[in-house]
Amino acid sequence: MYNDILTIGPVTIHSYGVLIVIGIFVALFIGEARAKKRNLNPDEIYNLTICCAFLGFLGAKLLFCIVEWREFLRDPLSLLKSNGFVVYGGIIVGVLAGYLWCRLRKLVFLDYFDIVLPSVAVAQGFGRLGCFMAGCCYGRETNSAFCVVFHNSDYAPNDVRLIPTQLISEACIFVIAGVLFISARIPRNQGTVGFLYLILYSIGRFCVEFLRNDYRGEIGILSTSQFISIFIFLMGIVGFAWMSVRADRKDRGDESAT
């Protein structure tokens, strides 16, 4: 695949960055439309997107530097200027930023949590397509016909048949987005759509990690992302269950009042 789209003097436009930007804008428009249907302030979707995208970008870079701490200590500037990111850093910091923003603006966080997270999944799908174009996040070698061969990648080994983990991740994430959009149409307890994203994404990410062959850091026998996935999954399960219990208690209280 080709990551370089256009070079103008010292500036090179990469397909990876272009697809991430497209993903953010598509997610923004979807989030705005869904906010209007739920009588939420669409302007806050723009504010949240800017806040969470910027701080999430910093979070993804920060976690990458933590994973690559030896390289960071050796040459911090080079690592900061690199294209390396860890998605979970962006998700964790982005959610925290969204929570703080809602507290600051006196908004109900869980309402926007349910609106934004499905859109995040859409943006991630475009991001994984960008990974495919760049050749990063590549898979293990394979003899299967279901493979990809890179010839001009600065990241993946070239002229080798590899499992197309980027496309597998992209497909999984778009399926997750579809499940979340369908789930959001069914009357549910507040916050459950957002927590469902955490559950589904962590499962998908944990499984796809077995197919990847790029260095992602390791904790014991698990990659760094698999290790984080366990905690994100548990957080999603606990949050989903708690929202359901809280809603049941509220319903019983309403029935008692009548």
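This table checks each residue for (1) in contact (Cβ under 8 Å) with a residue 60 or more places away in the chain; (2) touching a Gly at 6+ places or on another chain (Cβ under 9 Å); (3) on the phi > 0 side of the Ramachandran plot.
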residue	(1), (2), (3)
Val21	no, no, no
Gly31	yes, no, no
Arg34	yes, no, no
Cys52	yes, yes, no
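For Asp254, only one of the following conditions fails: (1) closer than 20 Å to Phe132 by Cβ; (2) open to solvent by 70 Å² or more (accessible area, probe 1.4 Å); (3) modelled with pLDDT under 90. What is its number?
Here Asp254 clears every test but (1).
Hey, among Phe85, Phe146, which residue is out of contact with any strand residue (DSSP E or B) (no Cβ under 6 Å at 6 or more places or on another chain), open to solvent by 10 Å² or more (accessible area, probe 1.4 Å), over 28 Å from Phe233 (Cα atoms) and not small (Gly, Ala, Ser)?
Phe146
Report, by residue number, each residue of segment 131-143 that is surrounded by fewer than 24 Cβ atoms within 10 Å (Cβ to Cβ) and either under 18 Å from Gly239 (Cβ atoms) or of a type outside the set (S, T, N, Q) (or both).
Answer for segment 131-143, where residues must be surrounded by fewer than 24 Cβ atoms within 10 Å (Cβ to Cβ) and either under 18 Å from Gly239 (Cβ atoms) or of a type outside the set (S, T, N, Q) (or both): Met133, Cys136, Cys137, Gly139, Arg140, Glu141.
Does Leu167 count as surrounded by fewer than 24 Cβ atoms within 10 Å (Cβ to Cβ) and at pLDDT below 95?
It is false that Leu167 is surrounded by fewer than 24 Cβ atoms within 10 Å (Cβ to Cβ) and at pLDDT below 95.
Give the residues of segment 67-94 that are in contact (Cβ under 8 Å) with a residue 24 or more places away in the chain and part of a helix (DSSP H, G or I), sorted by residue number.
Within segment 67-94, Val67, Val87, Tyr88, Gly89, Gly90, Ile91, Ile92, Val93, Gly94 qualify.
Is there a residue being over 28 Å from Ala33 (Cβ atoms), among the basic types (Lys, Arg) and open to solvent by 50 Å² or more (accessible area, probe 1.4 Å) anywhere in segment 103-122?
No.
Exactly one condition in (1) crowded, with 16+ Cβ neighbours inside 10 Å; (2) at pLDDT 90 or above is false for Arg216; which is it?
(2)
Quick check, is Asp154 in a loop (DSSP other than H, G, I, E, B) and touching a residue at least 60 places away in the same chain (Cβ under 8 Å)?
Here the answer is yes, as Asp154 does meet what is asked.
Output the residues belonging to segment 31-54 that are farther than 22 Å from Pro187 by Cα, open to solvent by 60 Å² or more (accessible area, probe 1.4 Å) and either at pLDDT 90 or above or within 15 Å of the chain's Cα centre (by Cα) (or both).
Result: Phe54, single match.
Do we find a residue being farther than 30 Å from Arg212 by Cα and among the polar types (S, T, N, Q) anywhere in segment 34-43?
yes
From the list Ile199, Ile237, exactly one residue is open to solvent by 60 Å² or more (accessible area, probe 1.4 Å), at pLDDT 95 or above and within 26 Å of Glu170 (Cβ to Cβ). Which is it?
When all the criteria are applied, what remains is Ile237.
The values are calculated or read from the model by the stated rules, or taken from the named source; none is laboratory data. As the structure is a prediction and not an experimental result, all values here were calculated from the model. Positions of Cβ are backbone-derived with ideal geometry, glycine not excepted, and every protein chain shown enters the neighbour counts. The protein model used for the area step is the full one, side chains on, heavy atoms only, and it has no ligands, DNA or RNA in it. Shrake-Rupley method; radii C 1.70, N 1.55, O 1.52, S 1.80 Å.
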